[in-house]
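Asks: I'd like to ask some things about the structure below.
Laboratory data are not the source of any read-out in this text; all were calculated from the coordinates shown. The shown structure was predicted, so the numbers you read here are calculated from the model rather than taken from an experiment. Neighbour counts are summed over all protein chains in view; Cβ atoms, including those assigned to glycine, are modelled from backbone coordinates with ideal geometry.
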Amino acid sequence: MKSLLVAASLVCFAAVPLRAQVNAAVRDTALRSFLGIQSVGSSVPIAPPAVSGFATVLVYKDGKFWKRIGDTPLSLNFGQTPIALGNTQAGYAPATAQIEFLWGPRDGKVGYLFQAKVGATGFEPSFSEMPELAALNTWYSDAFRGPNPPQLHGMSVMGAAYSLKKPPHGESIEASIKAADLAVVVLFKTFGSEEERHAFWKTCDEELKQ
């Protein structure tokens, strides 16, 4: 398990100067730290034949599944963002899904936002109260990038965070969940058809009853 502070996944294009990109990332991280906001998540490239996706968050208490939150369906739009504004010859940026779970204080409460989108599309996240998240710390977290992320319940793990009082027996996601008082796991999966997505989530609903 990696002790890693995960900041927001930022998609920056050539039309924006590199210095502005770096400064924006630093400002975003500093602002979140100042406000006590933490996050886990990742970005993942997407391509046909996938036509839709689904992102969700599984929460575990004392090593056992507690509930599923933040279900977000995604329509996968491809090649709609120019690499360089005003330069039609430069082509389009690869499509990327950005999946991020954020938590921290707001208006005297502790809660979370879950953001899942492709480019500029996706649902506007809303704040949901969840006081248990006050114990969650990204010093005990996993971030996954690359072509082969770990799998959990048939979905790709985009990130996870834990409240740990004892070290896990092993490096796997399952070992960390089992050792945690509280664990939050961010998941994402793509589908080749809407029928495939509906069938998968029917099975998932039966397996992960709340």
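Asks: For Tyr162, what is the net charge nearby, where nearby means another residue's Cβ is under 9 Å from its Cβ and Lys, Arg count +1, Asp, Glu -1? Present the calculation step by step, with values, prior to reporting the outcome.
Replies: Numbers: positive: none; negative: Asp142, Asp181.
Surrounding charge for Tyr162 is -2.
Asks: Using packing as a proxy for protection, rank 178-185, 190-197 so that the peptide with the highest average count of other Cβ atoms within 10 Å comes first. Could you put the intermediate results ahead of the total?
Replies: On the way: 178-185: 22.0, 190-197: 15.0.
Going by the mean number of other Cβ atoms within 10 Å, highest first, we get 178-185, 190-197.
Asks: Calculate, for Ser43 and Arg106, the FRET efficiency according to 1/(1 + (r/R0)^6) with r their C-beta to C-beta distance and R0 30 Å; round to the nearest 0.05.
Replies: Values: r = 25 Å, r/R0 = 0.82.
Once rounded, the FRET efficiency stands at 0.75.
Asks: A further question on this structure: Using the structure shown, list the pairs from Lys109/Lys189; Lys117/Lys165; Lys67/Lys117 with a Cα-Cα distance above 28 Å, or answer none.
Replies: Working: Lys109/Lys189 31 Å; Lys117/Lys165 34 Å; Lys67/Lys117 22 Å.
From Lys109/Lys189; Lys117/Lys165; Lys67/Lys117, over 28 Å: Lys109/Lys189; Lys117/Lys165.
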